[in-house]
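Just so you know, all these numbers are worked out from the coordinates, no wet-lab data involved. If you're wondering where the values come from, they're calculated on a predicted model, not measured in any experiment. All Cβ positions, glycine included, derive from the backbone under ideal geometry; neighbour counts span all protein chains shown.
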């Protein structure tokens, strides 16, 4: 299905690894010019090597002032993917202030700040852009030790469509490492009717659909990519 994204300009946060990196690669393949944001310069360097033309921005989104400086001059953006996140998994009674602060700063506050920066430009240019926030099934169902990261913001901004994708465990390198224990994985897999975790491309396909005009009447929605987990 042709998504009609060619010629647009996108900004992707958390672009160095996993879902963010694969999203950048898919957008580039679709003819989109991409600004890739990561806090790790080495990841950006290797990404630019794979996808010439990507515009790298190295910044820690937990730093409000640094983010403002880094992104205020990136220029017009038509599409935004808020993918950057931290997963600091702690039992509820052992959650630390540091974990709360870091999770809030990256998983929520940075989403608001980056969306503000991009939306202001969209509104000033009269562009009906699209924003996709990468969230999690854990924003809608409680999971053990996931309390600090259980946010999943979805907003609507004038003529800017804003949606979220809510995947289950995704088989990124980090996902494979954390869920490689079959006993730990079984707890979640037993609640997924399809009986498997998500692959990265499952999530990327959902992101690209929500960015495209094919989802032109979809806004303020959270799209589950979780094999039926939320239905159980």
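Order 159-166, 181-188 from most to least packed using the mean count of other Cβ atoms within 10 Å.
Those peptides, ordered most packed to least, come out 159-166, 181-188.
Given a Förster distance of 25 angstrom, what is the FRET efficiency for residue 231 paired with residue 201, based on the Cβ-Cβ distance and rounded to 0.05?
Computed FRET efficiency for residue 231 and residue 201 comes out at 0.65.
If you average the alpha carbon positions of the range 1-43 and of the range 87-134, how far apart do those two centres end up, in angstrom?
Cα centroid of the range 1-43 versus Cα centroid of the range 87-134: 18 Å apart.
Would you mind ranking 229, 197 by Cβ crowding within 10 Å, fewest neighbours first?
Listing 229, 197 from fewest to most nearby Cβ atoms yields 197, 229.
Run through the DSSP bridge list for the chain and note the antiparallel percent, rounded to the nearest 5.
Just about 5 percent of them are antiparallel.
Tell me the mean residue ellipticity at 222 nm calculated for the chain from its helices only (DSSP H runs of n ≥ 4, each -39500 (n - 2.57), averaged over every residue, nearest 500).
Using -39500 (n - 2.57) per qualifying helix, the result is -10000 deg cm²/dmol.
Does anyone have the angle between helix 200-211 and the longest principal axis of the chain? Alpha-carbon axes, 0 to 90°, nearest 10?
40
Relative to the first principal axis of the alpha-carbon coordinates of the chain, what is the inclination of helix 18-29, with its axis defined by its Cα atoms, in degrees from 0 to 90 and to the nearest 10?
30
Kindly rank 43-53, 204-214 from highest to lowest mean number of other beta carbons found within 10 Å of each residue.
204-214, 43-53
Would you mind putting 94-105, 56-67 in packing order, based on average other-beta-carbon counts within 10 Å, highest first?
My ranking of the peptides, most packed first, is 56-67, 94-105.
Starting from 0.36 nm per residue, how many nanometres of slack lie between residue 2 and residue 217 once their C-alpha separation is accounted for?
Length gained, residue 2 through residue 217: 75.7 nm.
Computed over the Cα atoms of the chain, what is the ratio Rg over Rh, Rh following Kirkwood?
0.95
State log₁₀ I(q)/I(0) for the range 1-105 at q = 0.12, 0.13, 0.23 Å⁻¹ as given by the Debye formula over alpha-carbon point scatterers of equal weight, solvent excluded.
So the normalised log intensities work out to -0.44, -0.51, -1.21.
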